[in-house]
1. Could you check the spin-label model distance between ASP93 and ILE5? Points 7 Å from the Cα along Cα→Cβ, value in nm.
2. Could you state how much accessible area ARG148 has, in square angstrom rounded to the nearest 10, with a 1.4 Å probe and all protein chains kept in place?
3. Taking the dipole about the Cα centre of the chain, with the C-beta of Lys and Arg at +1 and of Asp and Glu at -1, give me whichever of LEU75, GLY105, GLY123 is farthest to the positive side.
4. So what's the net charge close to MET104: Lys and Arg +1, Asp and Glu -1, counting the other residues with Cβ under 11 Å from its Cβ?
5. Using the scaling law 2.2 N^0.38 Å as the reference, what is the normalised Cα Rg of the stretch 91-149?
6. Given the chain reduced to its alpha-carbon atoms as identical point scatterers, what log10 I(q)/I(0) does the Debye formula return at q = 0.15, 0.18 Å⁻¹?
7. Assuming 0.36 nm per residue, please report the length gained on full extension of the stretch GLU52 to SER114 beyond their Cα-Cα distance.
8. Using unit Cβ charges (K, R positive; D, E negative) and no other charged atoms, how large, in debye to the nearest 20, is the dipole of the stretch 81-150 about its Cα centre?
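The values are calculated or read from the model by the stated rules, or taken from the named source; none is laboratory data. Just so it is clear, the model here is predicted, and its values are computed rather than measured. FYI the Cβ positions are ideal-geometry reconstructions off the backbone, even for glycines, and counts take in every protein chain you see. Protein only, heavy atoms only, side chains kept; ligands, DNA and RNA dropped before computing areas. Shrake-Rupley method; radii C 1.70, N 1.55, O 1.52, S 1.80 Å.
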Amino acid sequence: MYNIIADFHTHTIYSHGQGTILDNVEAARRKGLKKIAITDHGFGHFTYGVSERDIHKMRDEIDEINSTYDDIEVLLGVEANLIGLDGTVDLEDDYLDFFDIVLMGFHHGAIPNSIKDAWGLFGRNVVGKVLPFMDKSLRQDNTMAMIRAIGQYPIDIITHPGAKIDIDSRLLARQAAKHDVALEINAGHGYMTVEYVKIAMEEGVSFVINSDAHTPERVGDFDRAIEIAKQAGLEPSRIINAK
Ligand SMILES: [Zn+2]
Ligand SMILES: [Zn+2]
């Protein structure tokens, strides 16, 4: 029922994946994919953000691969980090047009934009996991931060929404639909539940099914995400990388 022809979320050795760009591309070709995006973590991740020097090397490697193969298209992307309650993302102005595709998600370990965000966005979400009843506005603040981000940056996909931080699915889906941003059903994380997809579906938003592969072997492995989409009754026409 679902024929997924692109994997828009894969990691390489440039952040914390295990394969090279070419390893991921070869794996994608073996699986018959027509497109793959290389989406290592944004500059602002403390332990595994891509360095600015490497990002230009990545661009050259990808251009080279694209000129060699004509059966697959390789996109240079980034998985940018949400770093502020005001919607700030670790994507500097100089790089707004640099990437072919921009993904954005929340990750612990990203460097907060300010002292206020260190607690307001990161600290609170750590405490909130253990004591969810303590902080009634946490869910709303998380959701608003995401919504402000998609209003400010050229974001194409929100990665694993609801993973790591609590989100109001309906509100986020509604705003994502308005800004033409797709919500990811991530085959690696189990956080996008069938229930979440069903709620988001009602808001008219688009979806994308990605592997979030950290090894070449996992590129194009969509099984878990497809199962969720199927159970939710999601139409393939709503999935941007389904044929
Ligand atoms: Zn992620
Ligand atoms: Zn990722």
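1. 3.9
2. Approximately 110 Å² for this residue.
3. Comparing the listed Cα positions along the dipole, GLY123 ranks first.
4. Value of the local net charge: -4.
5. Compactness ratio reported: 1.32.
6. After summing over all Cα pairs, the log10 values are -1.01, -1.43.
7. Stretched fully, the GLU52-SER114 segment lengthens by 20.2 nm.
8. Values: 6 positive and 10 negative charges, 136 e Å.
Here the size comes out at about 660 debye.
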